[in-house]
Amino acid sequence: MANQFLALSLFVMLLSFFIVINAMSNFEEAKARPVLRSISVAFSTKSLVEEKAPSFVDAQGDSYTQGDAIDHVEALFRAQITGTDITKNSQGTIMHIRLPVRSFERGVGAAGESGLGPEKARSGAGGFFLPTLVSLLQAKKTGIPYHMEILLNIPQNPAEAFNKNPKIVGTALKQAGGYAEKLEAAGLPARLVNAGLTLGKEGYVDLYFRRYRPINPLGESVKQEAPGER
């Protein structure tokens, strides 16, 4: 009789243990779905519709996290600014972007203003475009920064226009310089940006991006070392 009570007690304790374990357990639906689907396929004669794995979703647009720094800049402009015309050289090391002045101003802020602090400089494009562009150009992860040249289009040759009407050219130069100041105020070193004028369609701005090469006083390009090289 005593043995029967002992066996019953052990059985109740074991049952209680599994009840507690079951109550404390949980599962992730995303991970459980493939298992349940596999069981359904194994014991079902019906054909099931293929489903995408839970970790894969359709993504629209370009990614800022793949490719070289210049590819990131291209993706940023395509995603955030409309009306851009983008071309690259055959090696993919130099990129030219032509876009309307108004579209560019919406990204970096109003034209012709100087002395803006970082807070105001980040106001363009919802505070996203300008700091992202500055970060991509500095390329701190790769150690290979890119230089940005801003050329505001005017309908006449800048040199000839200056001789005829220096005041108008001065105003245009101030406007182009204002864009560079926005980038500097947002944290981009002055050595990585410059601005000027070029002959072209009025109301447009040309942007050139190329790998930054420090100037050697001896007249030779200074080789930049990648992170970890000495």
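Just to verify a result, which residue in region 201-211, among those that are of a type in the set (Phe, Trp, Tyr) and buried (at least 18 other Cβ atoms within 10 Å of the Cβ), is farthest from residue 84 (Cα to Cα)?
First pass over region 201-211, keeping only residues of a type in the set (Phe, Trp, Tyr): 204, 208-209.
Next, from what is left, pick out any that are buried (at least 18 other Cβ atoms within 10 Å of the Cβ): 204, 209.
Details: 204: 10, 209: 14 Å.
Only one residue fits best here, namely 209.
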Original post:
When the residues of region 71-98 are filtered to those that are touching a residue at least 40 places away in the same chain (Cβ under 8 Å) and of a type in the set (Val, Ile, Thr), which remaining residue is surrounded by the fewest Cβ atoms within 10 Å (Cβ to Cβ)?
Top reply: 93
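Is at least one residue of region 193-210 modelled with pLDDT under 90 and of a type in the set (A, V, I, L, M)?
Start the filter on region 193-210 by keeping residues that are modelled with pLDDT under 90, which leaves none.
Checking region 193-210: not a single residue is modelled with pLDDT under 90 and of a type in the set (A, V, I, L, M).
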Subject >> Within region 82-91, tally of residues that are more than 11 Å from residue 210 (Cβ to Cβ) and touching a helix residue (DSSP H, G or I) at 6+ places or on another chain (Cβ under 9 Å) >> reply: 4
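Go through region 46-74 and report how many residues are assigned to a loop (DSSP other than H, G, I, E, B) and at pLDDT 55 or above. Don't jump to the end; show me each part of the working.
Within region 46-74, the subset assigned to a loop (DSSP other than H, G, I, E, B) is 46-68.
Filter once more, keeping what is at pLDDT 55 or above: 46, 67-68.
Result for region 46-74: 3.
The values are calculated or read from the model by the stated rules, or taken from the named source; none is laboratory data. Because the structure is a prediction, the values reported are computed rather than measured. No Cβ is skipped: glycine too gets one built from the backbone with ideal geometry, and neighbour counts run over all protein chains shown.
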